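Below is one structure, written out as structure tokens; the observations come after it.
The values are calculated or read from the model by the stated rules, or taken from the named source; none is laboratory data. Just so it is clear, the structure is predicted and the values come from calculations on it, not from any experiment. Using ideal geometry, Cβ is built from the backbone for each residue, glycine included, and neighbour counts are taken over all protein chains shown. The accessibility values were calculated without ligands, DNA or RNA, using every heavy atom of the protein model including side chains. Shrake-Rupley method; radii C 1.70, N 1.55, O 1.52, S 1.80 Å.
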Amino acid sequence: MTTTERTARAVRQEPEPSRWAAVAAVALGTFLLVTAEQLPIGLLTDVGSALRVSEGTAGLMVTVPSLVAAVAAPVVPALVGGLDRRLLLLGLMGLMTLANLASALAPNFAVLVSSRVLVGVAIGGFWAVAGGLAVRLVNEAHVPRATAIVFGGVGAANVFGVPIGTVIGGLTGWRIAFTTLSALALVALVALLTVLPPLAASRVMSPRLLVRQLRNPGVRVGILAIFLLVTGHFVASTFVSPALQRLSGIDARLVGPLLFGFGIAGMVGNFAAGAALARRTYRTVQVITLALAVAMPLFVLLGRGTTGGIALLIVWGLAYGGVSVGLQTWMIKAAPRAVEAASALWVAVFNLSIGLGALVGGVILDSLGLPGVLWIGGAAALVAALAVGTARGNAGLRYPGHQVPPRPPAGTPLRHLSADPRTTAASPRRHVCECPMRPRPSPGHRFVRRQQHPARVARRRRLYPRQHINVTARRPTL
């Protein structure tokens, strides 16, 4: 490896070699976290009868963790400051283990809800850090694939984790279900302890840093898109079971297997989107939003038969399966120097949107009926597609190779320019300023100016030897 290549790798801070075992351990953690969040959905009746509360009150076991996770996502990384992220993830998984054990041993409903608050803290903090961890565990070319594996745990939890937990609870009791989940969380903790490398905080989280992300147009579009997509999805998907029965005329006994197929389609969509994101981030996210904008309203028009209803349900699942990995990759590309801060905002909005979507969906169902929730869900996805369209000119999102590298460590000499496969040599009469104190624009928008007087250039080189270099300018061919 040449000196220039070694310097380029150091500035980009690419890990070598890639740590796929650590990626798998983080995916196991996300699987268990989402399972813990949604497991009570299948146990509401058993918990309510055992602790003498109504099913509506027992539903707080699902609502409370979602709201707490939305708050914990930005707060937990900010509170721990520069703590090694490996220690933070281990601590949060340990908290998850204890919280599920407390749920299993809860003598009354108040203690059970208190333990669910701890589950929400673990979910929000873990997801905020783990969502953008792929850029630190694998090489740049493999980041979309690693992100898809991490978020594959979310789909696997919906398809396998929650149904299996519900079956265990029905056969042996809800307390055994929570105990089993606690034991699996302990296994995940050991796995993370074994394979996860030290992960020094790349940047200390602060309220100012979070607010600064909202000034980034790419981050703003990503947050707006995830809010609209997740809210619209849960407005409609909360009532997908009655829609299949009343609109498509499908027998109630087939709804369960079809929802299982919906989850499988989501997992396939997750990994398919991960592969496509490696080539075109912007175009992939745009396709996902448009597919959701079409699938939900078409359910009203073309889903009034068994074949049409099943086909549109699968398309819906494929499209929504790519939302998490697609928008997380979007945030990584939009804020490469503040991935953790952007991910924290993303996770907070995601969890808030889940609760808001179910709440708004109930109101719309009462006033407009089943077609109303599907039309509103599609309209929200269409607005998200229009928002994504405003980022068309962002080269870092359109071409994943065109992204601003992380801020180099203090004292690192910048004596190279990253190779750009989409550029061709242009006139040598250019002077390019590469300054480590300010972010470098995306290719095609560099600080390029006409060659100045040689005496002035020589003086600047002498005064600022680390900030100015002469290179042959490159003009992008898009």
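Miscellaneous remarks
- Average accessible surface for segment 210-366: 37 Å² per residue, computed with a 1.4 Å probe over protein heavy atoms with every protein chain in place.
- Cα-centred dipole magnitude for segment 215-321, charges only on beta-carbon of K, R (+1) and D, E (-1), debye, nearest 20: 340 debye
- Shape class for segment 229-286: prolate, because the ratio a/c of the largest to smallest gyration tensor axis (alpha-carbon atoms, square roots of eigenvalues) is 1.5 or more and a/b beats b/c.
- Environment charge at residue 205 (Cβ cut-off 12 Å; Lys +1, Arg +1, Asp -1, Glu -1): +3
- Value of Rg/Rh across segment 144-262 [Cα atoms, Kirkwood radius]: 1.07
- Global form of segment 321-361, assessed from the alpha-carbon gyration tensor, a/c cut-off 1.5: oblate
- The amide H of residue 199, built 1.01 Å from its N in the peptide plane, has 85, 86, 87 as neighbours under 5 Å, considering only residues 5 or more places off or on other chains.
- Carbon/sulfur fraction of accessible area - segment 148-200, other protein chains in place, 1.4 Å, %: 82 percent
- Apportionment of accessible area to carbon and sulfur, segment 72-134, percent (1.4 Å): 79 percent
- Segment 114-174: radius of gyration and largest Cα-Cα distance (Dmax), Å: 15.3, 46
- Residue-span extension gain [residue 253 to residue 366] - 0.36 nm each, minus C-alpha spacing: 38.2 nm
- Rolling a 1.4 Å probe over the protein heavy atoms gives segment 91-185 an accessible area of 33 Å² per residue.
- The fraction of accessible area contributed by carbon and sulfur in segment 329-381 is 78 percent, rounded to a whole number (1.4 Å probe; ligands and nucleic acids excluded).
- Net +/- balance of residues flanking residue 134 in space, Cβ distance below 11 Å, scoring K and R +1, D and E -1: +2
- Segment 69-176 shape via C-alpha gyration tensor axes, a/c threshold 1.5: oblate
- Segment 224-339, relative contact order [Cα under 8 Å, separation at least 6], %: 36 percent
- Residue-level accessible surface for residue 227, protein heavy atoms, 1.4 Å, Å²: 80 Å²
- Peptides 65-71, 353-359, 164-170 ordered by packing proxy, namely the average of other Cβ atoms within 10 Å per residue, highest first: 65-71, 353-359, 164-170.
- A crude spin-label estimate for the pair residue 283 and residue 206, with each label 7 Å from Cα along the Cβ direction, gives 4.1 nm.
- Packing-based order for 199-212, 317-330, 129-142, 378-391, using average beta carbon neighbours within 10 Å, highest first: 317-330, 129-142, 378-391, 199-212
- Two-site FRET efficiency, residue 50 against residue 160, from Cβ-Cβ distance with R₀ of 41 Å, rounded to 0.05: 0.95
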